[in-house]
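The values are calculated or read from the model by the stated rules, or taken from the named source; none is laboratory data. Just so it is clear, the structure is predicted and the values come from calculations on it, not from any experiment. As a convention, Cβ positions derive from the backbone with ideal geometry for all residues, glycine included, and neighbour counts pool all protein chains shown. Protein only, heavy atoms only, side chains kept; ligands, DNA and RNA dropped before computing areas. Shrake-Rupley method; radii C 1.70, N 1.55, O 1.52, S 1.80 Å.
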Amino acid sequence: GLAAFNGDGRENDDAESFRLHGEAARRGHADALFELHVFHAQGIGCDVDLVRAAECLRQAAEKGQPRACYNLGAFHATGRQPAIPRDDAQAVLWYRRAADLGHGKAAATLGAMHLTGHGAPRSIERVNEMLLRAVELGFDAAGFLSSMGLKPPPIPAAD
């Protein structure tokens, strides 16, 4: 599917890429489900279908696909995907799952939420825990917070 999409060793063919990702998704492949979310959301090889995009994203997240967990958290946090309701508790749940699966930006995002109190209770302990996790995962948590105009607390050194 990715080879057909990228034109890797063959010509680019969005419809064939969509078909191949669909076959892999039917076989339970979490990465294919995530890609189908993108295809349905952007109309790549198919018509735009935000409901189906949300279904694919949720299925991929439930299978433990880290980017899907992060995106599901982001959509719950922002309400930017009409088929996914804004829900802070769900945002925290999915960001946490993404962080546990090794997604550094998810950990930093949780740190920001606990720092600002937007979507999660203020807690310096949780801020430090999440920022340390982000740093351990190789993510620039301080730069991320600074890009949002937030002054990061001193991030404890990783062991």
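General observations
- Inter-probe distance in nm under a simple model that places probes 7 Å from Cα toward Cβ, at GLU136 and LEU50: 3.7
- Nearest 10 degrees, 0 to 90: helix 124-136 Cα axis against the chain principal axis: 50
- Stretching the chain fully between ASP14 and ILE124 yields a gain of 35.0 nm (0.36 nm per residue, less the alpha carbon separation).
- Carbon and sulfur %, accessible surface of region 10-79 computed with the full protein complex present, 1.4 Å: 46
- Size-normalised alpha-carbon gyration radius of region 52-127, reference 2.2 N^0.38 Å: 1.03
- Crossing angle, helix 88-100 versus the chain [Cα axis fit, 0-90 degrees, rounded to tens]: 80
- Rounded tilt (10° steps) of 50-62 against the dominant C-alpha axis of the chain: 60
- Residue-by-residue Karplus 3J(HN,Hα) for region 68-78, coefficients 6.51, -1.76, 1.60, Hz, glycine and proline x: 5, 4, 4, 5, 5, x, 5, 5, 5, 6, 9
- Largest first, the three principal axis extents of the alpha carbons in the chain are 49, 33, 27 Å in whole numbers.
- The protection proxy used here, the mean number of other Cβ atoms lying within 10 Å of each residue, ranks peptides 59-66, 26-33, 145-152 as follows, highest first: 59-66, 26-33, 145-152.
- Estimated FRET transfer efficiency when R0 is 35 angstrom, pair THR116-GLU62 (beta carbons, to 0.05): 0.80
- Computed over region 75-116, the ratio Rg/Rh where both radii use C-alpha atoms and Rh is Kirkwood: 0.98
- Per residue accessible area of the chain, 1.4 Å probe, in Å²: 52
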